[in-house]
Amino acid sequence: MRYKDLDIGVVKSARLAADRSHVIATIALTKDARSFAAADTRFWVVRPRFAISGVSGLETLLSGAYIGVDAGRSAETSHRFTGLEAPPVITSDSSGSQFVLHAQDLASLDIGSPLFYRRVQVGHVVAYQLEPNGRDITLRVFVNKPYEKLVTADTRFWHASGVDLKLDANGLKLSTQSLVTVMLGGVAFQAPEHSTVRKAAAENTEFLLAADQSEAMKEPEELAPALAVLNFDQSVRGLSPAPQSISVA
């Protein structure tokens, strides 16, 4: 068993449970590692893993698998723990804040997908779940310190997954965050350039996750649209009609 590359214990025995559904391992901690028996300490087997967040555990190809530890802080102790199937995305010594995003679909996002601010990675997706209504998705993102101060009440979040390719009267527009998002997906956030809000949002503040940056930065329509007829004596090159919407009763 290792913590920050230091040996803090050894596996004394391993046996199959009576129902054959899991393995029970007995671990002996060193004397100076007794604090790792805190009730909220987490354990997992470190082995080579290939995930969205990156490649980990390659050192075990030579040294062999071992048990990793995320030290708990609880005053209560325990002698029985349930090991994690995968390493925790956020460890107890991580500094930053979590925020909640609501979306209509998950797209290509997954746990570990990167979170960007002006194309700089500042965090990642740590959890998601389908809402009971079966139509909405709730995600949790973690923003590393000190970048959590960049999230304000006026911040907009959007899917930065894949390539945003648009063709209009002004030409071809290509937008993407990074090569990582093209292959694996990601989330980006930023406040509008004209925003005057500077106070950081509280942890667990909820935001909407837009489909793309254009939708995220779109200002809410406060006035009902009005139709007007314009006559031009010169070329109207560069103009294009807005898409028409038809409602059927």
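The values are calculated or read from the model by the stated rules, or taken from the named source; none is laboratory data. Here the structure is a predicted model, which means the values were calculated and not measured. Backbone-built Cβ (ideal geometry, glycine too); neighbour counts: all protein chains shown.
Quick notes
- Complete set of residues in the range 128-152 that are in contact (Cβ under 8 Å) with a residue 24 or more places away in the chain and farther than 16 Å from Ala210 by Cβ: Arg135, Arg140, Phe142, Val143, Asn144, Lys145, Tyr147, Glu148, Lys149, Leu150, Thr152
- Tally of residues being at pLDDT 90 or above and either of a type in the set (Asp, Glu) or out of contact with any strand residue (DSSP E or B) (no Cβ under 7 Å at 6 or more places or on another chain) (or both) across the range 82-93: 1
- Neighbours by Cβ (under 9 Å, 6+ apart or cross-chain): first from the range 1-25, more than 19 Å from Phe36 (Cα to Cα) and assigned by TED's automatic domain parsing to the domain that holds Val46; second among the hydroxyl-bearing types (Ser, Thr, Tyr) and in a loop (DSSP other than H, G, I, E, B): His22/Thr82
- Matching residues, the range 95-124, being part of a strand (DSSP E or B) and loosely packed, with under 15 Cβ neighbours inside 10 Å: His102, Val120
- All conditions but one from (1) surrounded by 13 or more Cβ atoms within 10 Å (Cβ to Cβ); (2) touching a helix residue (DSSP H, G or I) at 6+ places or on another chain (Cβ under 9 Å) apply to Ile137; the one that does not is (2).
- Test result for Val11, at pLDDT 90 or above and under 30 Å from Arg140 (Cβ atoms): no
- Any hit, the range 163-183, residues being modelled with pLDDT of 60 or more and closer than 21 Å to Gln121 by Cβ: no
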